[in-house]
Amino acid sequence: GSGKTRVLTYRIANLIENHDVAPWEILAITFTNKAAAEMRERLNGLVGPRCRGMWVSTFHSMCVRMLRSDAEKLGFTRNFTIYDTDDSKRVIKDILKELNLEEKTFPPRSVLAAISHSKDQYETPEDFAKRYEAAGDWKMTRIAKIYAAYAKKLRTANALDFDDLIVKTVELFRSCPDVLDYYQERFRYIMVDEYQDTNTAQFKFVSLLAEKYKNLCVVGDD
């Protein structure tokens, strides 16, 4: 209720009304589908049907759109499956059996939380393993093995989990300069709501998109 979303919607309206910016050059990112729908509704009230060409989206749904277009460049097909928590837990349980590890010692929920945190930090399974091998942490070194096996199983199944949607889009941008250039040209004005909630992978995603035109506006709680 402090007026963060109002700042972004009025800025977007100002860009369109007073600075001749095309709606499709604007990207507005927020964290929930509900917040994105609310922002679209407010923009519709401010600038009318012109806001229809604009991407007002969550990080995850936007990354799905981008990956559906170019997943082949990362070795996936466009009709990749998105795994929810239950799907991921099933995969982790299979891996625990394969590695002869006890579920009591390695609860699938805790293992997934460690993997998710690692992906949020934009860390590969190799980075994860190096970190804990250096620290001599027996349990986390085993989780590193689970993480590596999990990544392989997802790739074989042509599947991504929720965290992968952002990580793989950053990977796509970094490995395919033509794809990054396309989106940098497309989205010259980038706005992010609830910026205090961004993790490292999301920060890298926004930084890459904004790198060319450097027109980035964010709002967040201190």
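The values are calculated or read from the model by the stated rules, or taken from the named source; none is laboratory data. None of these values were measured; they are calculated from a predicted model. Don't worry about glycine lacking a Cβ; one is built from the backbone with ideal geometry, like all the others, and counts go over all protein chains shown. With ligands, DNA and RNA removed, areas are computed over all heavy atoms of the protein, side chains included. Shrake-Rupley method; radii C 1.70, N 1.55, O 1.52, S 1.80 Å.
For this structure, a couple of remarks:
- In degrees, nearest ten, helix 177-186 long axis to first principal axis of the chain (Cα): 30
- Seen against the Cα atoms of the chain and their longest principal axis, helix 125-135 is set at about 60 degrees.
- Sites listed here are GluC sites (Glu not before Pro) in the range 32-95 whose DSSP assignment is loop and whose Cβ has at most 13 other Cβ atoms within 10 Å, and the list is empty.
- Over 32 Å between alpha carbons, listed pairs 139/212; 145/212; 97/119; 89/212; 73/212: 139/212; 145/212; 89/212
- Counting only protein heavy atoms and a 1.4 Å probe, the chain has 53 square angstrom of accessible area per residue.
- Cleavage-rule hits, trypsin sites (Lys or Arg not before Pro), the range 15-123, DSSP coil, Cβ neighbours within 10 Å at most 16: 78, 104
- Carbon/sulfur fraction of accessible area - the range 94-215, other protein chains in place, 1.4 Å, %: 52
- Cα-based helix-to-principal-axis angle, 85-98 vs the chain, degrees rounded to 10: 20
- Measuring only protein heavy atoms, the 1.4 Å probe finds residue 216 accessible over about 80 Å².
- Cα lying deepest toward the dipole's positive end in the chain, options 205, 148, 59, charges on Cβ: 148
- Lys/Arg +1, Asp/Glu -1 at C-beta; the chain dipole; positive extreme among 165, 191, 46: 165
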